[in-house]
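Engineer: Below are the structure tokens for one structure; questions will follow.
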Amino acid sequence: MIPLLTFNENTINSTWPEEGSRKFVRELCAPTFLNDTDIPVHMCDDGWLELGVFNEADGRERLSDFFKYGYCDSDAALAKYLKKYIDAPDRYFVHVHLLDMDYEKPYKFGSYIDANGVDTDEDYWWWADQHPDETGKQEYENAWLAFSIVKIKDKQ
């Protein structure tokens, strides 16, 4: 599942004693929802989980060896891809950000997810060359939606 994470106020208050810093952490790490879905995602990366910012992760050790990342054309494609994580018994954290299409080597951000939510296991440029009629429409101007997924370990 992809849970809606909640802030660990004790950790935030003790780690960042200044109000401005606490406000920054809360704004940066606040969950949001993938457009037109109820799938919680974060703009902050999984490193914040290890800092103990969320109640659902205690931050004492590396959360998981599981890490998946990639990029796609739209929120809808990502929502289709995330279905298997939504239905899974384990808990997952999803980080999203925009990846400029002018970036020289997008494959460094994982493999391309097509409009049907299928992992192509390929770089977009190779995939688009092989499937010219199936290239997606960019939801964000000149940018892909990049993501990473990490499994949240159960608290000890």
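The values are calculated or read from the model by the stated rules, or taken from the named source; none is laboratory data. Please read these numbers as outputs of a predicted model, since none were measured by experiment. Note that each Cβ is placed from the backbone with ideal geometry, even for glycine, and that neighbours are counted across all protein chains shown. Protein only, heavy atoms only, side chains kept; ligands, DNA and RNA dropped before computing areas. Shrake-Rupley method; radii C 1.70, N 1.55, O 1.52, S 1.80 Å.
Engineer: How about region 1-18: which of its residues are without any contact (Cβ under 8 Å) to a residue 12 or more places away in the chain and surrounded by 15 or more Cβ atoms within 10 Å (Cβ to Cβ)?
Structural biologist: Correct list: 16 only.
Engineer: A follow-up question, please. I need the full set of residues from region 19-59 which are open to solvent by 10 Å² or more (accessible area, probe 1.4 Å) and more than 17 Å from residue 94 (Cβ to Cβ), in order please.
Structural biologist: 19, 20, 21, 22, 23, 24, 26, 27, 51, 55, 58, 59
Yes or no, residue by residue, for (1) on the phi > 0 side of the Ramachandran plot; (2) under 16 Å from the mean Cα position of the chain (by Cα); (3) among the polar types (S, T, N, Q):
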{"position": "11", "(1), (2), (3)": "no, no, yes"}
{"position": "22", "(1), (2), (3)": "no, no, no"}
{"position": "26", "(1), (2), (3)": "no, no, no"}
{"position": "47", "(1), (2), (3)": "no, yes, no"}
{"position": "55", "(1), (2), (3)": "no, no, yes"}
{"position": "74", "(1), (2), (3)": "no, yes, yes"}
{"position": "91", "(1), (2), (3)": "no, yes, no"}
{"position": "94", "(1), (2), (3)": "no, yes, no"}
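Engineer: In region 99-147, which residues are among the basic types (Lys, Arg) and in contact (Cβ under 8 Å) with a residue 24 or more places away in the chain?
Structural biologist: 137
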